[in-house]
Amino acid sequence: MRDIKTRKADVLAALERQGDLWLSTADPAGRPHLIPVSAWWDGTHLVIATTGASRTAQNMKTNRPVRVAGGSPSDAIMIDADVVERSAVEESPELAGGFSGAVGWDPREVGRGWFFFRLRPTRIQAYRGYDELEGRDVMRAASWLA
């Protein structure tokens, strides 16, 4: 079983690989919506891109809390986060450069109407199977525990 410092290091390494994650949002009635997203970890926030007309974007406009998941059941990372910024990709060259450099595609080249969403993690859990369920929090109240 990993200690909290090792779990945090493993989470940061996974986030820095700039992988694809699952993003869950909820509409005003609380109905969940789940999509795959590419995410850029800028060292503090996760940055994702989606179309402004999408159900996901609409959900994040009205309900700022989201959940992001990565890994597999045998090596999971669960991130509760708040949407702290929304910006059109055309008006965000710095975000666009960082995002495209990290994830390998540029939403400005896909079409119009795309937005970046900056997500601030508030709780992060990391566990490898059932043996690590206890002590799985590595971040609480937006503060690292190690």
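Going through Ser100, Ser92, Ser54 one at a time, which residue ends up being hydroxyl-bearing (Ser, Thr, Tyr) and within 16 Å of the chain's Cα centre (by Cα)?
Numbers: Ser92 fails: within 16 Å of the chain's Cα centre (by Cα); Ser54 fails: within 16 Å of the chain's Cα centre (by Cα).
None of the others qualify; the one that does is Ser100.
Do you know which residues across segment 54-81 are in a strand (DSSP E or B) and under 17 Å from Arg2 (Cβ atoms)? Outline the logic, then answer.
Filtering segment 54-81 down to residues in a strand (DSSP E or B) leaves 65-72, 75-81.
The answer is Gly70, Gly71, Ser72, Asp75, Ala76, Ile77, Met78.
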Note: among Arg136, Arg86, just one is over 15 Å from Gln18 (Cα atoms), touching a residue at least 40 places away in the same chain (Cβ under 8 Å) and more than 13 Å from the chain's Cα centre (by Cα), namely Arg136
Residue check: is Arg108 among the charged types (D, E, K, R), surrounded by 15 or more Cβ atoms within 10 Å (Cβ to Cβ) and in contact with an Asp or Glu (Cβ under 6 Å, 6 or more places away or on another chain)?
no
Could you list all residues from segment 14-23 that are at pLDDT 95 or above and surrounded by fewer than 16 Cβ atoms within 10 Å (Cβ to Cβ)?
Trp22
Mind checking whether some residue in segment 48-64 is in contact (Cβ under 8 Å) with a residue 40 or more places away in the chain, surrounded by 19 or more Cβ atoms within 10 Å (Cβ to Cβ), among the β-branched types (Val, Ile, Thr) and more than 28 Å from Asp131 (Cα to Cα)?
yes
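Please find, within segment 4-47, the residue that is nearest to Gln58 (Cα to Cα) out of those that are in a loop (DSSP other than H, G, I, E, B) and touching a residue at least 12 places away in the same chain (Cβ under 8 Å). Show your work before the answer.
Within segment 4-47, the subset in a loop (DSSP other than H, G, I, E, B) is 17-19, 27-31, 42-45.
Adding the requirement that they be touching a residue at least 12 places away in the same chain (Cβ under 8 Å) leaves 18-19, 27-28, 42, 44-45.
Values: Gln18: 24, Gly19: 24, Asp27: 8, Pro28: 10, Asp42: 24, Thr44: 24, His45: 20 Å.
In this case the residue turns out to be Asp27.
The values are calculated or read from the model by the stated rules, or taken from the named source; none is laboratory data. Here the structure is a predicted model, which means the values were calculated and not measured. Cβ sites come from the backbone with ideal geometry, for glycine too, and all protein chains shown count toward neighbours.
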